[in-house]
Amino acid sequence: MENKKVVLAYSGGLDTSYCAMYLAKERGLEVYTALANTGGFTQEELVVIEKKALAMGVKAHVTLDVTQEYYDKGIRYMVYGNVMRNNTYPISVSSERIFQAMAIAQYANEIGAKYIAHGSTGAGNDQVRFDLAFEVLSPQIEVITPTRDMQLTREYEINYLKEHGVDADFEKMEYSINAGLWGTSIGGKETLTSDQTLPESAYPKQVEKTTPETMTIGFNKGEISTVNGVAYDNAIDAIRKVEEIGSAFGIGRDMHIGDTIIGIKGRVGFEAAAPMLIIKAHEMLEKHTLTKWQQHWKDQLGNWYGMFMHESMYLDPVMRDIEKFLENTQRNVTGEVSIMLKPEHFTLVGIQSENDLMRSKFGEYGEMNKGWSADDVKGFTKILSNQLKIYYSVNEE
């Protein structure tokens, strides 16, 4: 019997809804939709998505929960590395894709699928992320990409679904929203331009609080462990709590402008209260607990780690090497950070840590030297100037 099994990476959004119906009705395939959840869906939402998938004529639907793996093997190291793409974007969605792709490839292998499909367009990064993971982890399975191959527009897909009796909130579908534990991306007509920004209504979470309040985030060896003095056994629960508190102030909204894997410039809106607050708090704690050269090399490797994660190279073994370095730097990154939350922004107040290297017994910056004498500084500066004195003497500049 001919193998007609196709596993479709499914999110319940417009592109994947179109692909599910197209593959079943137009291609006559047995469609197995697989949603790899990285923490962006509630149980109620997952039930609705499953019903939606089955209504598209698919053979079966499965939810693959990879939230814990995503934290253990991805988010944890992105916090260690203070990863912010172009100093702006905490690579919220782009970092999820590899873990989703790995889970879907494994599922396709397990059920013996002949095909594997995704709904990415031909103009973005996700197509490369999915293709590369499938090529490496499921090389025997043929990849199908209807949206990319037929160059479909969102309007075409909406009309196709309407013509086939699909009842959905197509107005909402005008914005492509991808939610996960580490933030939400928002794409729409405004992000296709260089001079417009997203309207307030496009953001899934609205500003609910306007009175400033203080929040504390505690870290244990670089991992978030407490929020407002409450201890969490699982960092995922702590992240969700920070998101709940920060998003009520509309914190973490911004527009990412960057160079895509395929070489064009791209824009995407996002809201990521928890990543922004946690990374910036962690970064401040590190400034107090790491040496100058630890911070220097962490900046280099953290930037590379984020770039490789963003550009679909997570499976390269160099990433495991960088992870070992990043983890080793966290042995003294323990303490608590205070943050003042305000509507749509925040201020880092300060830290408390037993490992704080800012100790007054050695000196108070700009005030008093206690660990050395004036003559020590004079001699030190004289030696430090030697190479410059020699250079200018030889070159007469």
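The values are calculated or read from the model by the stated rules, or taken from the named source; none is laboratory data. Remember, predicted model here, so these are calculated numbers, not experimental data. Please note: Cβ atoms are built from the backbone with ideal geometry, for glycine as well, and neighbour counts cover all protein chains shown. When the accessible area is computed, the model is the full protein with side chains, heavy atoms only, and any ligands, DNA or RNA have been set aside. Shrake-Rupley method; radii C 1.70, N 1.55, O 1.52, S 1.80 Å.
Some notes on this structure:
- Residue count for the stretch 196-228, restricted to those that are of a type in the set (S, T, N, Q), open to solvent by less than 80 Å² (accessible area, probe 1.4 Å) and modelled with pLDDT under 95: 1
A quick yes/no check of all residues on (1) part of a helix (DSSP H, G or I); (2) open to solvent by 50 Å² or more (accessible area, probe 1.4 Å); (3) β-branched (Val, Ile, Thr); (4) closer than 28 Å to residue 158 by Cα:
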| position | (1), (2), (3), (4) |
| --- | --- |
| 97 | yes, no, no, yes |
| 104 | yes, no, yes, yes |
| 107 | yes, no, no, no |
| 121 | no, yes, yes, yes |
| 128 | yes, no, yes, yes |
| 131 | yes, no, no, yes |
| 135 | yes, yes, no, no |
| 139 | no, yes, no, no |
| 148 | yes, yes, no, yes |
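- Test for residue 356: is it over 30 Å from residue 246 (Cβ atoms) and among the charged types (D, E, K, R): no
- Residue 336 being of a type in the set (Asp, Glu), under 30 Å from residue 304 (Cα atoms) and open to solvent by 70 Å² or more (accessible area, probe 1.4 Å): no
- Complete set of residues in the stretch 339-362 that are assigned to a strand (DSSP E or B) and either under 18 Å from residue 224 (Cβ atoms) or of a type in the set (Phe, Trp, Tyr) (or both): 339, 341, 346, 348, 349, 350, 351, 352
- When 33, 63 are checked against the criterion of being of a type outside the set (D, E, K, R) and surrounded by fewer than 19 Cβ atoms within 10 Å (Cβ to Cβ), 63 stands alone in meeting it.
- Yes/no for residue 244 being closer than 22 Å to residue 219 by Cβ and surrounded by fewer than 18 Cβ atoms within 10 Å (Cβ to Cβ): yes
- The residue that is modelled with the lowest pLDDT, among those in the stretch 353-383 that are of a type outside the set (Asp, Glu) and within 28 Å of residue 305 (Cβ to Cβ), is 358.
- Taken over the stretch 34-93, the criterion of being of a type in the set (Val, Ile, Thr), part of a helix (DSSP H, G or I) and either within 15 Å of residue 178 (Cβ to Cβ) or in contact with a Ser or Thr (Cβ under 7 Å, 6 or more places away or on another chain) (or both) is satisfied by 49, 67.
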